[in-house]
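Below is one structure; the comments refer to it alone.
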Amino acid sequence: MASPAQQLPPGWAAEWDQNAQRYLFIETATGRTQWEEPFLDPEGALNPVPTASPPPGQHHTKRRQYAAGQTQAYYGADTIAPPPGPAYGAVPGQPAQPSQLFTPGLAAEGQFAQQQIGQPGQPPYYGGAQPEPEYINQPGFGQGPVYQQPGVGALADQFSQMNVGQKGLRLFTTNLLTAPPEPLELHRPPPDIILPPNSCLSNSPFANADPSYQRCTLNAIPTSNSLLNKSKIPLGLVITPYRSLKEGDDPVPLITDTVIARCRRCRTYINPYVQFIDGGNRWRCCMCSMSNEVPQLFDWDQVRNQPGDRWARAELNHGVVEFVAPTEYMVRPPQPAVYVFLIDVSHNAVQSGMVATATRTILENLDRIPNEDNRTKVAFIAFDVSLHFFSLPAGTSDSSMLVVSDLDDVFLPKPTDLLVNLTESRAAIENLLGRLNDMFTENHVIGSALGPALQAAFKMMAHIGGKIVVLSSSLPSLGAGALKNREDPKVLGTSKESALLQPASPFYKTFAIECSRAQVSVDMFLFSAAYQDVATLACLPRYTSGQTFFYPAFNASRTEDAVKFAHEFGEVIAMPIMLEAVIRVRASKNLRMSAFHGNFFVRSTDLLAMPSVPQDVSYAIEIQIEDNLTAPFVVLQTAVLHTTCFGERRIRVVTTALPTTSNLSEVFASADQVAIATLLANKAVERSITHKLEDARDALFNKMVEILSAYKASMTAAGAGASAQLAISENLKMLPVLILGLLKNVGIRQSAQIPPDLRAYAQCLLTTLPSQLLIPYIYPTFYSLHNMAPECGTVGEHGIIMPQPLPLTSERLERHGLFLIEDGQNIFLWVGRDAVPQLVMDVFNLPSYEVLRGGKTTLPVLDNPFSQRVNAVIQKTREMRRGVYYPHLYVVKEDGEPPLRLWALSCLIQDRADVLPSYQQFISQLRDKVNGSSY
């Protein structure tokens with residue numbers, strides 16, 4: 001199939017979007033983007049028309065059919081469009097009607113009809129004996145509706161054109177009441193960063209950091225705090241400084257000559273936005289305007305030992321670079337990577353299979369543990385009501401166990417051979433891991449001395465630093481840090497619930513700060529079937545820049561549990577972490593970092609201490625405008641001084657330049673809804689702990705009302721009066737549904753049914769997941785599999801082709817269908833009760849729906865194309881995002897177990913659930929509040 005780029009009208013370009021698996025069309029004059037392919041009509045006017053399927057798929061002349069159920073039961077016989085071609089159970093000869101579905105809680109009739117427009121090119125999967133339709137690549141296939149701009153946009157467009165000096169971002173207004181959420185919008189890149197001419201030394205497209213490393217909530221910074229306040233949009237930075245590299249990603253350029261040019265006054269690293277003056281002998285800092293000398297060897301190629309090309313240097317062409325640091329950046333020689341494994345061997349831990357799975361996973365991943373320079377050290381401590389140390393002498397396969405029962409005054413039973421070199425003691429380590437589980441098989445001891453075990457690990461490694469990896473299956477009950485079961489069902493859903501999300505013991509925070517000072521970080525893997533106080537234990541990773549993983553009711557005899565834990569644990573211990581890191585974010589004059597969110601310890605006003613920096617963890621920073629900005633653009637620079645896990649001291653520098661604007665319409669047009677949602681998620685979690693969960697929910701709702709009110713007052717003709725519309729800029733139209741997703745997330749949701757451990761773990765995820773993982777966590781992905789296009793699930797030019805995502809409403813569920821709902825942590829395969837036996841046989845290898853069992857499962861790969869395509873979609877879902885998470889797969893029957901069914905349906909956040917509103921009701925509440933606040 002020809003690329004759309006070859007058939008576009010003048011002034012348009014096509015770019016393949018990896019996340020959405022389709023082309024994005026860009027109007028080169030304005031920078032405006034759209035999913036629909038533009039074309040010239042006979043009069044010459046440019047009109048968007050839905051595009052055909054993505055390029056990589058092959059053309060199919062026939063397709064297999066699954067039977068369509070009688071969805072008239074939901075919507076009434078005259079309002080549903082029967083699929084083209086004869087359908088299973090459909091009335092023969094019934095004329096096709098446009099699809100118009102009723103949504104509960106809707107105020108005005110037909111407002112949301114557009115959301116439910118059916119996909120005319122999709123017949124059911126099995127059609128009976130009649131000929132199968134040949135319809136692939138019809139116009140409109142797989143596309144959402146094309147919306148007209150509401151009338152509100154006219155005034156906003158006038159606003160955006162007032163800034164005549166240079167081409168800025170154009171503002172397009174949309175009416176939330178008539179423009180339902182379109183999931184593909186979340187895959188769009190953030191609004192363009194349009195810098196003034198000559199602000200950058202380089203023409204490189206990489207001069208600004210990729211948004212996956214660093215993104216700002218506004219891509220045009222208001223020139224004054226009053227203008228920012230007028231927009232009500234929070235100003236903040238979301239950073240993921242150590243993003244993993246997937247296939248096809250460019251590596252971060254490494255500068256090895258140790259020539260590091262920095263400003264003498266503000267210590268900014270030289271970047272593409274500085275100016276060279278005085279014939280190139282000096283450079284002017286883009287943050288504080290200080291004039292600095294260019295280092296002597298800056299123009300010298302040390303590899304070839306000859307003069308070099310200054311303009312080819314990576315730091316003048318790339319927004320993300322890494323410098324090899326000279327000795328003045330080291331307080332001590334770079335530390336080796338150190339891993340101390342604390343393994344719970346109490347009765348519950350051994351019986352659940354956790355100990356066997358953990359030791360086998362470590363054994364299988366010994367070669368993947370970072371150890372390029374053969375300096376990596378490891379130690380193992382098993383704990384129940386005592387501490388079990390293991391002596392692992394080098395050069396022998398023998399290991400011996402030393403037991404310490406004194407938990408009040410923890411000591412190391414031996415000065416050597418406890419923390420050992422991984423390479424030198426490899427034989428002893430392998431021997432120990434092979435028999436550790438057998439040593440404790442008969443252990444009937446119940447109790448956990450986690451606190452003393454942590455103290456012992458700290459004594460062992462405090463002089464070096466490194467990572468403590470804790471695997472615990474029960475509530476700590478002995479020694480320092482002992483906790484009591486404080487779970488009280490009567491408190492859930494009340495104002496006192498937030499107390500359960502606060503640490504129960506000061507030990508874990510004070511110990512964590514001690515660890516941070518000694519460059520020790522802690523990762524927690526928690527497995528308990530009963531209450532484990534995740535909120536308290538998560539303090540350790542929070543202040544030491546570690547991570548928390550939670551496997552409630554873990555049982556290794558269920559293959560799925562063992563596979564998930566082994567995959568995630570293996571990825572964590574094999575991860576190439578940054579060690580002994582400090583992070584500082586610098587910004588142009590009059591911008592100040594005012595608040596920090598994420599897993600680290602703030603050592604001084606703006607220095608973030610991180611004993612280790614894991615890959616794909618995000619941090620959010622709020623920014624304050626202290627005084628008016630006079631420069632045409634500002635620069636935000638994150639510097640991470642760290643030691644690699646193979647012993648090299650380095651500095652990673654991430655630079656973003658953003659234009660300034662005094663035009664409110666440009667502020668709105670530049671807002672990045674994904675970054676805003678990420679920042680608000682962090683703020684909501686913090687507020688739920690320091691105040692109450694209810695306060696966090698109110699703050700989210702009120703922030704959305706404020707933004708909508710500000711937009712209505714400043715950008716629309718309605719001004720301060722009441723309006724029948726609910727206007728917002730096109731680039732923010734998914735923000736209300738993201739806020740609704742946050743309000744319905746387990747970490748924030750109003751409910752008396754959520755166990756405190758699950759809520760605390762959800763809050764850990766909300767504050768650490770990078771945007772790419774956080775957005776599906778609060779706005780899950782929803783696919784229809786039984787009628788997906790024939791190329792979906794096959795390999796195309798850019799990998800597995802994915803189906804088109806659907807809006808998150810149960811109105812899209814069909815009784816005969818097969819659907820996939822996933823939030824990055826869990827995958828639900830929803831099977832309708834009228835699914836025909838052939839579909840059940842093709843996917844599950846079972847004769848009928850009745851014998852299918854719901855619950856956690858592994859899907860078989862069967863010898864038929866549909867099974868292979870469904871498995872390919874699930875596999876791609878597990879692999880397409882960064883991070884270590886391996887989602888469980890649950891089969892959910894439409895009439896199956898209520899708890900599992902309700903859990904899956906809770907992902908469909910546009911529906912009403914319990915006391916929580918549907919999207920339509922939420923939008924109505926926002927409109928009433930916005931109109932009410934204007935009287």
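The values are calculated or read from the model by the stated rules, or taken from the named source; none is laboratory data. None of these values were measured; they are calculated from a predicted model. Heads up, the Cβs are rebuilt from the backbone with ideal geometry, glycines too, and the neighbour counts pull from every protein chain shown. Just so you know, the surface numbers come from the protein's heavy atoms only, side chains and all, with ligands and any DNA or RNA stripped out. Shrake-Rupley method; radii C 1.70, N 1.55, O 1.52, S 1.80 Å.
The residue of region 379-401 that is least open to solvent (accessible area, probe 1.4 Å), among those that are assigned to a strand (DSSP E or B) and among the hydroxyl-bearing types (Ser, Thr, Tyr), is Ser391.
Yes/no matrix, rows are residues, columns are (1) surrounded by fewer than 22 Cβ atoms within 10 Å (Cβ to Cβ); (2) part of a loop (DSSP other than H, G, I, E, B):
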| residue | (1), (2) |
| --- | --- |
| Val737 | no, no |
| Leu740 | no, no |
| Asn745 | no, yes |
| Ala752 | yes, yes |
| Tyr761 | no, no |
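When Trp300 is tested against (1) modelled with pLDDT of 90 or more; (2) of a type in the set (A, V, I, L, M, F, W, C); (3) open to solvent by 60 Å² or more (accessible area, probe 1.4 Å); (4) not assigned by the TED database to the domain that holds Leu478, just one condition goes unmet, and that condition is (1). Sub-6 Å Cβ pairs linking a first residue in region 584-597 that is on the phi > 0 side of the Ramachandran plot to a second residue that is surrounded by 17 or more Cβ atoms within 10 Å (Cβ to Cβ) and not in a strand (DSSP E or B), at least 6 apart or interchain, are Asn590/Leu629, ordered by first then second residue. Summed over region 696-735, the residues that are out of contact with any Gly (no Cβ under 7 Å at 6 or more places or on another chain), in contact (Cβ under 8 Å) with a residue 40 or more places away in the chain and either assigned by the TED database to the domain that holds Leu501 or assigned to a helix (DSSP H, G or I) (or both) give a count of 20. Just one of the listed residues (Val873, Val915) is open to solvent by less than 30 Å² (accessible area, probe 1.4 Å) and either in the same structural domain as Ala762 (by the TED database) or not aromatic (Phe, Trp, Tyr) (or both), namely Val873.
Output the strands (runs of 3 or more DSSP E) that fall wholly within region 189-302 and possess 1 or more residues being in contact with a Cys (Cβ under 7 Å, 6 or more places away or on another chain) and among the polar types (S, T, N, Q), or say none.
291-293
Checked against the criterion of being surrounded by fewer than 20 Cβ atoms within 10 Å (Cβ to Cβ) and either touching a His at 6+ places or on another chain (Cβ under 6 Å) or under 25 Å from Asn826 (Cα atoms) (or both), region 574-581 has at least one qualifying residue.
For region 594-604, check the following and say yes or no: at least one residue is assigned to a strand (DSSP E or B), open to solvent by 20 Å² or more (accessible area, probe 1.4 Å), in contact with an Asp or Glu (Cβ under 7 Å, 6 or more places away or on another chain) and of a type in the set (Ser, Thr, Tyr). Yes: region 594-604 contains one or more residues that are assigned to a strand (DSSP E or B), open to solvent by 20 Å² or more (accessible area, probe 1.4 Å), in contact with an Asp or Glu (Cβ under 7 Å, 6 or more places away or on another chain) and of a type in the set (Ser, Thr, Tyr). Screening Tyr213 with (1) free of Cβ contacts under 8 Å to residues at least 60 places away in the same chain; (2) surrounded by 21 or more Cβ atoms within 10 Å (Cβ to Cβ) gives one miss only, at (1). Looking only at residues that are aromatic (Phe, Trp, Tyr) and within 18 Å of the chain's Cα centre (by Cα) in region 763-787, which one is surrounded by the fewest Cβ atoms within 10 Å (Cβ to Cβ)? Among those residues, the one meeting the criterion is Tyr777.
Restricting attention to region 304-326 and to residues that are surrounded by fewer than 15 Cβ atoms within 10 Å (Cβ to Cβ) and touching a residue at least 12 places away in the same chain (Cβ under 8 Å), the residue that is farthest from Ile260 (Cα to Cα) turns out to be Trp311.
Does region 303-317 hold any residues that are part of a loop (DSSP other than H, G, I, E, B) and farther than 24 Å from Pro205 by Cβ, and which are they?
Taking region 303-317 first, the residues part of a loop (DSSP other than H, G, I, E, B) are 303-305, 308-309, 313, 317.
Scanning region 303-317 gives Val303, Arg304, Asn305.
Every condition in (1) touching a residue at least 12 places away in the same chain (Cβ under 8 Å); (2) surrounded by fewer than 20 Cβ atoms within 10 Å (Cβ to Cβ) holds for Leu432 except the one numbered (2).
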